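Novice: Below is the structure I would like to discuss, written out as structure tokens.
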Amino acid sequence: MDRDELKAWLRLSLSPGIGNVTARKLLGCFGLPQAIFEQTTPALRQVATPVQTQALRTEPATLPELLETTWAWLNQTEVNGCRRQVLSLGDPGYPQALLDIDDPPLLLYLYGVASFQEGQPSDVSDQVAMPAIPVADAWLIAAQRCLAIVGSRNPTPQGAANARQFAKTMVQAGLTVVSGLALGVDGAAHTGALEGLTEGATDLPATIAVIGTGLDRVYPKAHHGLAHRIAQHGLLLSEYPLGTPPLNANFPKRNRLIAGLARGTLVVEAALQSGSLITARLTAEQGKDVFAIPGSIHAAQSRGCHALIKQGAKLVETAQDVLEELQGFSALSVAADAALVSADTLDNKHTADVDALLLQALGFDPVGLDALQGRTQLVTADLQAQLMTLEIKGLVARLPGGLFQRLSAA
């Protein structure tokens, strides 16, 4: 895309009152954006309202600055092979998976080492037999090889661990994990995906982060380092112009892209009013699979998943449950047989009988010290010491309010 073409696309995207629907009508009628701005007022009135026509006839005041910023961003030197791209709706590299959703963005901003595969293979088995192929130092991404993993920004310790382990296993099985870079489950999913890549998977884009700000910003700031690692092993993607701050309305809107880029969506934990349920709904509306991990009936973070299961989402207990639904991947070697974190995964040296008894007494719901004393008959000092040992081993988490929760399935 040259500078003049970029200017025209930016101008169309900035024109007030011109949303994606009207913009597509204009493009369908007149062709590329340069041609739209060459039209007469009567010609534009055939497609747009009088207010929209006036907006199209007036260059936005913010256009020159945004053009300079975007052009400079595109021409920065590559670092670690990470490329900057702006793809327009008519670009051959624009992902087909997003062209198929109801509201594809006019522009996509990309940063990373991956590119989207032109067209989607019709036979999933072809993809299984042939991993993503590096082309011009870029890994190719196909939607048939992507799984979205989303969930609560405030997950339980078990939920965060599940997201991380599921994502790791998916990448080891040959899938790319799509998520939103938010705190909680999103961050755990991206982290797990990167771990899966470093522990055996090769020639694969590990993960895609669909963000709700401009690509020159990282939100939340705590994920600054994670975002750079994602770019080096996958892709950061946004529909928002450079400089866009973290506005609340943008995050639910970007969920349609997370759903669109993936073959299915796995919800790890979600409250009933969670944005993750928006992603799940959009996934179902696109005719794709929705998966949900059940949890404690006492945990608010599990209620969204339970609601999805009641509505027909597939109940998931292991990574293999997901892979078997994604036909063509079930025969692949799965590094971890169960993605729910087990005691063996967390500490394979854990054999002490007293540990096993205490874990059994903990159950899987949060529990207080007094209740544990009643179940185990241990004196306070011994019980606290043993809980500390299990915390160090990663088998138990200490929660607010003096509660403890088991993190293992054994």
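Throughout, read-outs are computed from the coordinates displayed, never taken from laboratory work. Bear in mind the structure is a predicted one, so any value in this text is a computation, not a measurement. Here the Cβ is made from the backbone with ideal geometry for all residues, glycine too, and neighbour counts use every protein chain on show.
Novice: Using a 7 Å offset from the Cα along the Cα-to-Cβ direction at both residue 51 and residue 382, what is the distance between the two label points in nm, to one decimal?
Specialist: My value for the distance between the label points is 7.5 nm.
Novice: Moving on. Give me the net charge of residue 72's neighbourhood, meaning all other residues with Cβ under 13 Å from the Cβ of residue 72; Lys, Arg count +1, Asp, Glu -1.
Specialist: It works out to a net charge of -1.
Novice: Show me, for the range 394-399, the HN-Hα J-couplings you get by feeding each phi into the Karplus relation (A = 6.51, B = -1.76, C = 1.60, θ = phi - 60°), rounded to Hz, glycine and proline as x.
Specialist: x, 9, 9, 10, 8, 9
Novice: Once you've got the Cα coordinates, tell me which of 7/221; 7/288; 168/221; 310/393; 221/288; 221/310 are over 27 Å apart.
Specialist: Too far apart for the 27 Å limit: 7/221; 7/288; 310/393; 221/288; 221/310.
Novice: Mind checking which of 110, 209, 243 is farthest towards the positive end of the chain's charge dipole, using Cβ charges of +1 (Lys, Arg) and -1 (Asp, Glu) about the Cα centre?
Specialist: Going by the Cα projections, it comes out as 243.
Novice: Quick check of the Kirkwood formula: for the chain, what is the inverse mean of 1/r over all pairs of different Cα atoms, in Å?
Specialist: Answer for the chain: a Kirkwood hydrodynamic radius of 22.9 Å.
Novice: Largest first and in whole Å, give the semi-axes of the range 3-62's equivalent ellipsoid, each being the square root of 5 times a Cα gyration tensor eigenvalue.
Specialist: Rounded to whole Å, the semi-axes are 16, 13, 11.
Novice: With runs of 4+ DSSP H residues as the only contributors, calculate the mean residue ellipticity of the chain at 222 nm using -39,500 (n - 2.57) per run, divided by the residue total and rounded to the nearest 500.
Specialist: Rounded to the nearest 500, the figure is -12500 deg cm²/dmol.
Novice: Sticking with this one: With a 10 Å Cβ neighbour count serving as the proxy for reagent exposure, in which order, fewest first, do 145, 256, 83 appear?
Specialist: With the sparsest Cβ surroundings first, the list reads 83, 256, 145.
Novice: To continue, here is another question. With only alpha-carbon atoms counted, please give the Rg and Dmax of the range 221-282, in Å.
Specialist: According to the Cα coordinates of the range 221-282, Rg and Dmax are 13.1, 35 Å.
Novice: Can you report the principal axis dimensions of the range 135-252 using only the alpha carbons, biggest first, rounded to whole angstrom?
Specialist: 40, 37, 25
Novice: Sort 37-43, 357-363 by packing, meaning the average of other beta carbons within 10 Å per residue, with the highest value first.
Specialist: 357-363, 37-43
Novice: Residue 238: net charge of surrounding residues, Cβ under 10 Å, Lys/Arg +1, Asp/Glu -1, itself excluded?
Specialist: 0
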